[in-house]
Amino acid sequence: MIKFNKYRSSKSLPPVSTASLPDIVFILLFFFMTVTVMKNQNLLVENTLPTATETEKLDKKDRVIEIYVGKPTNDSNTNLGDEPRIQMDNKFITVDEVGDYALQALSSMPEHLKSVATVSIKADVGVKMGIIEDLKSELRVVNLLKINYTTYEGAAEDNL
Amino acid sequence: MKNHRNPQEVNAGSMADIAFLLLIFFLVTTSIENDAGLNRIMPPDDNNAIVDIKERNLFEIRINDADLIMAEGDIIDPKNLREKVIAFIDNGGLTLEAEGYCNYCKGNRFADSSENPDKAIISLKAQRNSSYPVYVTVQNEVIAAYNELRDRESLRLFNTPYKTIYSDYYNEEINEDKKKVLKERLEIIRALYPQKILEPETVNN
């Protein structure tokens, strides 16, 4: 006679093997290790960038000066209000100080990179042009003329 | 009987936990980088240089407080902006005999639009209350217009798109001799369609 309930007859089910689980997690881990970079700044402002299609890569980090513009985030400080602010070097600075801080960042660069230094403006989508214009005129005063409006990759119509 | 016994299985359950801990550590300490954007070069900070620009060679784009985009006096849809900018740059409005006639232009050759791509200037003006994303969109469209024209000429002259030449030039795996050729090509194309984008001071209101 054929035994149909072969498994039921044995005392218990064999345990499900979880040996491949570490492999899967390691694959995820390696993925994150390769596509991300260590955070070197703590964002104090909201920073959702606009999108653009005609972008150029800023892959050489050693010649980039980053400036963040946006509303202060809630957790950074509660009494800063809603006005967009400028963040450089992990702290809020005023428009007048931008030149000084940019020059400071420039002076820490090696000599041969100073002429190709690029300022990356990372401004939030909620920012108005006024503060950007002020920022740009400050940068012109200190003769940092190469700027990059850092954006996400995507259709430009999404901004409207 | 002793030899046929299965070897004891090592319990790997905790390995997953370790891997998860590592994964979570990387999730919190790293960020996915966004390091691409629109490159622009600002003019130096001296306003002594006054250049005489003919009205026909100037394409005015304005963004108002309500984020409406105005080009050449009309409010336009940003979708049509690229087309208009291309038509303006590529117009080549001089007559065949005149000096500076643009023989590679494929535009409509209107007498009231730009003389040749070298003279064509885009002026972009935003108000203090215009939003930044709209400004980026306009910049993007203007750069896209130039890139499209450069692509066309690059395909015609060298049979490769401008983008490929550009990215190859900055590719470190390409050897020096090849880079020289690429540089020459880049310069030729850039001379055909030089990017001239003007940004007058924003008016306070």
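The table below gives the values:
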quantity: Boolean, B:L198 is under 21 Å from A:L145 (Cα atoms), more than 9 Å from chain A (Cβ to nearest Cβ) and open to solvent by 70 Å² or more (accessible area, probe 1.4 Å); calculated: yes
quantity: Failed item in (1) surrounded by 20 or more Cβ atoms within 10 Å (Cβ to Cβ); (2) in a helix (DSSP H, G or I), with B:P117 passing the rest; calculated: (2)
quantity: The range A:127-160: number of residues that are in a loop (DSSP other than H, G, I, E, B), crowded, with 17+ Cβ neighbours inside 10 Å and more than 7 Å from chain B (Cβ to nearest Cβ); calculated: 1
quantity: Test: residue in the range A:118-125 that is free of Cβ contacts under 8 Å to residues at least 60 places away in the same chain and out of contact with any Gly (no Cβ under 9 Å at 6 or more places or on another chain); calculated: yes
quantity: A:V98 being assigned to a helix (DSSP H, G or I) and under 21 Å from A:L49 (Cβ atoms); calculated: yes
quantity: So A:L103, is it aliphatic (A, V, I, L, M), out of contact with any strand residue (DSSP E or B) (no Cβ under 6 Å at 6 or more places or on another chain), in contact (Cβ under 8 Å) with a residue 12 or more places away in the chain and more than 24 Å from B:D65 (Cα to Cα); calculated: yes
quantity: The range B:114-168 - residue that is touching a strand residue (DSSP E or B) at 6+ places or on another chain (Cβ under 7 Å) and basic (K, R) and, of those, nearest to the other protein chains (Cβ to nearest Cβ); calculated: B:R128
quantity: Any hit, the range A:22-31, residues being outside any loop (DSSP other than H, G, I, E, B), out of contact with any Leu (no Cβ under 9 Å at 6 or more places or on another chain), at pLDDT 85 or above and buried (at least 17 other Cβ atoms within 10 Å of the Cβ); calculated: no
quantity: Residue match in the range A:105-122 (condition: part of a helix (DSSP H, G or I), more than 10 Å from every other protein chain (Cβ to nearest Cβ) and either within 19 Å of A:T55 (Cα to Cα) or in contact with a Cys (Cβ under 6 Å, 6 or more places away or on another chain) (or both)); calculated: yes
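The values are calculated or read from the model by the stated rules, or taken from the named source; none is laboratory data. The structure displayed is predicted, hence computed values, not measured ones. Cβ sites come from the backbone with ideal geometry, for glycine too, and all protein chains shown count toward neighbours. When the accessible area is computed, the model is the full protein with side chains, heavy atoms only, and any ligands, DNA or RNA have been set aside. Shrake-Rupley method; radii C 1.70, N 1.55, O 1.52, S 1.80 Å.
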